[in-house]
1. When the accessible area of the chain is split by element with a 1.4 Å probe, what percent falls to carbon and sulfur?
2. Under the Kirkwood approximation for Rh and a Cα-based Rg, what ratio Rg/Rh is obtained for the range 112-211?
3. Relative to the present Cα-Cα distance, how much length would full extension add between Arg11 and His118 at 0.36 nm per residue of separation?
4. With a length cut of 18 Å (Cα positions projected on each helix's long axis) and a Kyte-Doolittle mean of at least -1.0, go through the chain and give me the DSSP H helices that pass.
5. For the range 1-111, give the magnitude of the charge dipole about the Cα centre (Cβ charges: +1 Lys/Arg, -1 Asp/Glu; no others), in debye to the nearest 20.
6. Select from Thr158, Cys186, Asn205 the residue farthest towards the positive end of the dipole of the range 143-211; place +1 on Cβ of Lys and Arg, -1 on Cβ of Asp and Glu, and compute about the Cα centre.
7. How far is it, in nm, from the label point at Thr185 to the one at Ser198 when both lie 7 Å from their Cα along the line to the Cβ?
8. Work from the charge dipole of the range 1-60 (Cβ charges, +1 for Lys and Arg, -1 for Asp and Glu, about the Cα centre) and give the residue of Gln42, His26, Gly7 farthest towards its positive end.
Amino acid sequence: ISIQSEGYNHRDNNNYYKIVSDASIHGNDGQEVVSPILKGKQGLNSLKSVCDSLNAIGAKVNKSTGLHVHFDASKISDTHFVQIFKNYQKLESVIDTFMPQSRRANNNPFCRSLQGIHYDGCRTKADVINYNGTRYRKVNAESYLRHKTVEFRQHSGTTDYEKISKWINFLRKLIQYSFDSEIETCERIEDIPFLTESEKRFFINRREALA
């Protein structure tokens, strides 16, 4: 795995993982690991290798750390973009149940709730960016301006590959579902329309572990 240690920056790359400083991370020698742009199974295999390596050297996370996942949004229409935020907002209270307390509701200033934002008034990506008002939301619209991505910030920091891969898959399916469908109401993991039964079971187990 190609990796470089750099100072704080937001530069994208396709070639290597980088370790950068982040003032929001507390603890001894707090650093952030940023992947290159990953694609498909090869990207997931690379991510697993990095998780295995971090665990082998005893890397730790605490509640000041988060897992941020960017998805390419360069070809997503305005309508699809708005729908992603609408659907995540409707699922937020359910997602909260399988997140630690530090990542629920408005408990974390770096991943604030989407509740109370009236996305029905949004027609364009710029509208969502304006309505969100900050990049520190559970779903960040401002990343589109810099990276042409939509960024999901709610998940807690982890070096557990299974947790990361399951969350990436959850978000991928949410984005796909949002292409032409809107969630009406959803109050439990069991009601999430785009997950398989085995996928639901994983998040139900997380909910029970964090209850």
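The values are calculated or read from the model by the stated rules, or taken from the named source; none is laboratory data. The shown structure was predicted, so the numbers you read here are calculated from the model rather than taken from an experiment. All Cβ positions, even for glycine, are placed from backbone atoms using ideal geometry, and neighbour counts span all protein chains on display. Accessible surface is based on the protein model in full, side chains and every heavy atom, while ligands, DNA and RNA are left aside. Shrake-Rupley method; radii C 1.70, N 1.55, O 1.52, S 1.80 Å.
1. Summing carbon and sulfur atoms, their accessible area is 48 percent of the total for the chain.
2. Details: Rg = 14.8 Å, Rh = 15.3 Å.
In the range 112-211, Rg relative to Rh is 0.97.
3. On the way: separation 107, 0.36 × 107 = 38.52 nm, distance 3.19 nm.
Contour length minus the Cα-Cα distance gives 35.3 nm.
4. On the way: long enough: 40-56 (24 Å, -0.30); 78-96 (27 Å, -0.42); 161-177 (24 Å, -0.42); 197-210 (20 Å, -1.18).
Span-like helices here: 40-56, 78-96, 161-177.
5. Numbers: 12 positive and 10 negative charges, 61 e Å.
Using only the charged Cβ atoms, the result is roughly 300 debye.
6. Checking the options against the dipole of the range 143-211, the answer is Thr158.
7. Placing both labels 7 Å beyond Cα along the Cβ direction yields 3.2 nm.
8. Result: Gln42, furthest along the dipole toward the positive end.
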